[in-house]
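See below for the structure under consideration.
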Amino acid sequence: MIMNPISVLKPNTLLTTLNTYIVEDLSNADMVTTAAIAASTLSDLAVPVLQMLASAGAEADDVAVEFFPDKDEPGTPGTMFFWPGTRTMQHSAWDDAHGAEYSLRMAVFLPERDDDGAVYPAGFTLTLKLEASACELIEKMPAGVFELIESDFKGAALPSGFEFLDDSEHVPVLPNMRRQFIKAISRAHAASNKRRGNRFEAVMMHYIWDRIEPEQHFDAVLAALAKLFVALHQQARR
């Protein structure tokens, strides 16, 4: 598996300060503290991500980035958004980030204790979210784009939990990334039509990482998501 030389931050190191904050034990003061730690952790991680995006061909002015705290979810105290700043309505940053046709999102989740007392470790979630217009961009994208991204994963065990999410099925991203993308898009259209609403069921490429997974998987998935984000942006400009 090819490592991205830009990513020098280790996810376990970044999460160290959150390891003692178990969701079930949080006080109000702890929730304020963990939100601040999450913001700092994700800001540190944003630096190599922006370098990855630039290395893949993104111009600095093309990408907007901001952390948004979430007081209603103590287990995931906030999310860092990367979105195409040149393709939004220029409303509030929150509205633009959450409504963007495609966005890369990173969040930390805190340790949790189950009913038997076992504590599950802190970790990261990485998500590439695509609205309907971004799905059209994916369908027009040359197959070689996906093949190049997928080639970085060949020759080693694939990262578990790297998948497309919807209400009824988790579709693995790898292998055959383009075919799996089209399958996920088709399922999203079917779910949207069944609901008969005006809202498209967004496609989400999602990865959950904690210390059980190898660190090189974290780097490889993050690099893949960054390359896909830039490929979408370049396709949109054609």
Total formal charge among the other residues, if their Cβ is under 14 angstrom from that of Asp25, Lys/Arg +1 and Asp/Glu -1: -3
Over every pair of different alpha-carbon atoms in segment 110-238, take the mean of 1/r and invert it; report that Kirkwood radius in Å. 15.9 Å
Check each of the GluC sites (Glu not before Pro) in segment 66-174 and keep only those in coil by DSSP with at most 12 other C-beta atoms within 10 angstrom; list them in order. Glu169
Any idea how far the Cα center of segment 60-128 sits from the one of segment 194-233, in Å? 12 Å
Pull up the cross-link candidates among the aspartates and glutamates for Lys154, meaning alpha carbon to alpha carbon under 15 Å and not fewer than 8 places away within one chain. Asp219
Taking the chain as a Gaussian network, Cα atoms linked when under 10 Å apart, which of Gly117, Gly161, Gly99 shows the biggest mean-square fluctuation? Gly117
Taking every pair of Cα atoms in segment 46-115, average 1/r, invert it to obtain the Kirkwood radius, and report Rg/Rh to two decimals. 1.06
What is the local net charge at Trp209, summed over the other residues whose Cβ is closer than 14 Å to its Cβ (Lys, Arg +1; Asp, Glu -1)? -2
In square nanometres, what is the average projected area of the Cα convex hull of segment 3-75? 5.9 nm²
FRET efficiency (Thr33, Lys140; Cβ distance; R0 35 Å; to 0.05) is 0.15
Net charge near Leu42 (other residues with Cβ under 13 Å of its Cβ; Lys, Arg +1; Asp, Glu -1) is -2
Per residue convex hull volume, Cα atoms of the chain, in Å³: 139 Å³
Solvent-accessible area, 1.4 Å probe, carbon plus sulfur percent, for the chain: 52 percent
Could you list, in their original order, any pairs among Lys183/Lys227; Lys71/Lys227; Lys71/Lys194 whose Cα atoms are separated by more than 26 Å? Lys71/Lys227; Lys71/Lys194
Among trypsin sites (Lys or Arg not before Pro) in segment 60-145, those in a DSSP loop whose Cβ has at most 15 other Cβ atoms within 10 Å are Lys71
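The values are calculated or read from the model by the stated rules, or taken from the named source; none is laboratory data. Given the structure is predicted, the values throughout are model-derived calculations rather than measurements. Here the Cβ is made from the backbone with ideal geometry for all residues, glycine too, and neighbour counts use every protein chain on show. Surface accessibility is based on the protein's heavy atoms, side chains included, excluding ligands, DNA and RNA. Shrake-Rupley method; radii C 1.70, N 1.55, O 1.52, S 1.80 Å.
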